[in-house]
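Please treat every number below as a calculation from the coordinates, not as lab data. Here the structure is a predicted model, which is why all the values come from computation and not from measurement. Because the Cβ atoms are built from the backbone with ideal geometry, glycine has one as well, and the counts that use them run over all protein chains shown.
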């Protein structure tokens, strides 16, 4: 949930129509037929319902598995009624067994109203027919204990009770058949095992120790006249006015062939309670309309509440109400007692006068609410709802002049306003003249298919306003109700000396087109203006289905400017090769049967500098731009893959694979886990493609590369450690340029085939630990200490057939130390690393020269692969001469973190070259949060000085960044980085944020010397809804008390 979404104001308005009927009164309706199904003139079968009431009911936990049997236990008071029979006791246990007999009373009816000739009397002739079959829905047995009493009315007509008094006034057993529905009303409901209850044990012995037979149903004559008084206009009852009811046999109702009666269970419900909202008593009046409908009028400010099945509470307040009933209301006329119920079988309700509805953190206010349960239609006038979005930390206000429920899952709204401001005229708001909402969530939940498609909203005359001014308008938008519901996704405004005054906008493509976005699809349309470059446009579409997903990106611009990619003269003021520039990028992965995966990628760019200039972050840290097809299958511990890679950008140096095949087998147990086998195989057909205009004289002919590596491990446990000795062998063949470089990348004699042998061991001693329970410090936030030491050792030696295949022998010794303590409140303490120090020492044979950088040891696989397949460097760089795949010098490395508190930490790392006695890299930083107004970071980064021919001299930089809340209106954010080796500033940012009511403005001045750029950036965003902000989102969310 939690597939937990942030829904827009549909939740606001749905609460008005859905929460009222479903939470407050749905339990009062028949689950399978609604209120209408309980009325005589809408029901094929007129049975007698069983009503069970008590303050608390416990249902048997295994009821669902008991073959249609239900057990209920009542304590603290119990009442039961069926027909005109009423029973009362302090405690009770009820057994209900579902049963369908061939004998069932099936009634069809026809009503005809006739006017008497020559008189004001009205006669209603109802012709009813009985079949000779009887249908029984439940067989009931009830055990009553404590203050047992029985009341039998005169109207009992279809239910016979079999009674057995065990102890007069104290205990009793009743058996009978239920021909209607079962309703259970209780303030609390629990589910549990009843076998441990003393009451249940007594009841079980009493019920099953005697035989209780249901009394036979009374016979029904073929035809009889029943005289019933009828109410005339003016609510005056005439003594002689009667209703004639004639009963005669008709044909029974026949069930479908092969059809089985559906399972049913008792309907549990919580009472609807009412009491005065002030000192004045409520006036309740019951009456009947001219159509003989039962109505209750509630006058006076009242407070009404009902608990739902999940334990939540629905609360309603209003000045007046009118309640329509399918049957007569329970309370009599007069003054309502505190906490009394307003009755059952509610058909419709009307509330007026400062209506307030509260459920959870949601509050709804309106002038009038009407809801018709039979038609499932509602009308709300001048609705205002307030809810609180915990994730965003803001209130949400929604207003609608009218809200109509057209059907069970369809709603119409007029004059809608959505805002986070309490004011009637908000600073920022979303408006629409009308909206049609379709919600199929409840249906989809039952099918387990809830998705974005479960919500659909069609909005007209959509406006996004700041104050009273419309800044965005669109005639029609279709949305899945995911916040925010505007077509505009984001806006960025910036001015600098490279791009000029620029506006970057992103839009929901489907909403612009008025289309319903397909489930799992997210489409974005880009429209940008750059003052010094031109106008650009593009689209990005991401999609995801059950068996595939992907991303499609396209962008095009007519560029009239120049690229500035760095501060050096060779990277500045670069003229693009063509004016029309752009890119196309498509990535797709498909999950095929039998564990196969197909991955395809197409990457096209107009020129070599476009992606670096327009998508700098993707260029620096994203995946290499490639065009390929990759098919693989991974099953258990083995994998098989085929790769085809081609070049479509002629400005790139690219190693094509036409194709490659690989097989990997990892961790295969041999000889009952005594040995473990690893296999890595590769066969490739390569071709080196050179960029257009390249002057290198390298061959672009295809060549073959093959390699096979097998490793055999023998894991074992010694007394003090886990030890894994291993041996491995590698064979490789390459018929292009062959293997022709030594371990440092220098030229050597060519060899087409080589082999490498290796032997080594990995040792993991048992961790050592000790607990110091008496260590406590309020200053350092310590509650006990635990010191853990975890050492590790890896040693590998190599032997090769030729010097061009030489690898470096390695010995690595590492140790991890942790000091742990407990923090947090007494009832929710957690274990945290107070200090952690990772150290390792690495020795190599045949070390590289002192130009090597701060490389690190890759402990799990120190063997360096023999070919560089992803590099664009020509000729292919030998991986052994780079620092990506392993160290080249003896070194000591350390990584340290000290969490002084939950808001303060010190971080540091270091790499020391033991051969030259030089610190190659050293970083240290201090992070501190002083709630609620200040957070800051101070740090230093050192890289040793080198001379690489590019004017780079290492680095010794100082970094400072801070956020300070001056007051409730102003926040300052400052960051600074200065390099002492260069004696120059690297980058400076200064931001001022101004807070208004639910709205923020920010202005940033930035100087970036690494790119020789100066910028002024303007931002504005609503509180908590950064998606609607204008400008970069770097500082959105700042401007209030600092959170952690």
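Once you have the Cα-Cα distance between residue 165 and residue 512, take 0.36 nm times their residue separation minus that, and quote the gain in nm to one decimal. Don't skip to the answer; put the middle values down first.
Values: separation 347, 0.36 × 347 = 124.92 nm, distance 7.54 nm.
Here the segment from residue 165 to residue 512 would lengthen by 117.4 nm.
Roughly what would the spin-label model give for residue 833 and residue 638, points 7 Å off Cα along C-beta, in nm?
3.8 nm
Find how many whole Å separate the alpha carbon centroid of the range 536-596 from the alpha carbon centroid of the range 621-659.
Between the Cα centres of the range 621-659 and the range 536-596 lies a distance of 18 Å.
Would you mind putting 195-206, 521-532 in packing order, based on average other-beta-carbon counts within 10 Å, highest first?
With the highest mean Cβ count within 10 Å placed first, the list reads 521-532, 195-206.
May I ask you to list the residues of the range 579-594 whose amide nitrogen lies under 20 Å from a point 7 Å from Cα along the Cα→beta-carbon direction of residue 552?
Only 582-591 pass the distance filter.
For the range 584-741, build the convex hull from the C-alpha positions and give me its volume per residue in Å³.
On the way: hull volume 29.1 nm³, N = 158.
Residue-normalised Cα hull volume stands at 184 Å³.
Please work out how much length the chain gains when fully extended from residue 198 to residue 799, using 0.36 nm per residue of separation minus the C-alpha to C-alpha distance, in nm with one decimal. Walk me through the numbers before you get to the answer.
Numbers: separation 601, 0.36 × 601 = 216.36 nm, distance 8.08 nm.
Extending this stretch completely gives an extra 208.3 nm.
Give me the distance in nm between label points sitting 7 Å out from Cα along the Cα-to-Cβ direction at residue 992 and residue 787, one decimal.
My value for the distance between the label points is 5.4 nm.
Sort 549-560, 534-545 by the packing proxy (mean of other Cβ within 10 Å over each peptide's residues), most packed first. Display every interim value, and only then the final one.
Working: 549-560: 17.2, 534-545: 15.7.
Put in order of decreasing packing, that is 549-560, 534-545.
Hey, with R₀ at 25 Å, roughly what FRET efficiency would residue 780 and residue 856 work out to, going by the Cβ-Cβ distance, to 0.05? Write down the numbers at each step before the final one.
On the way: r = 31 Å, r/R0 = 1.25.
After rounding, the FRET efficiency stands at 0.20.
Distance in nm between label sites at residue 769 and residue 544, each 7 Å beyond Cα in the beta-carbon direction?
For the pair residue 769/residue 544, the computed spacing is 3.6 nm.
Expressed in nm to one decimal, what extension gain is obtained for the pair residue 584 and residue 823 from 0.36 nm per residue of sequence separation less their Cα-Cα distance? Intermediate values should be presented prior to the final figure.
Numbers: separation 239, 0.36 × 239 = 86.04 nm, distance 5.13 nm.
Full-extension gain reported as 80.9 nm.
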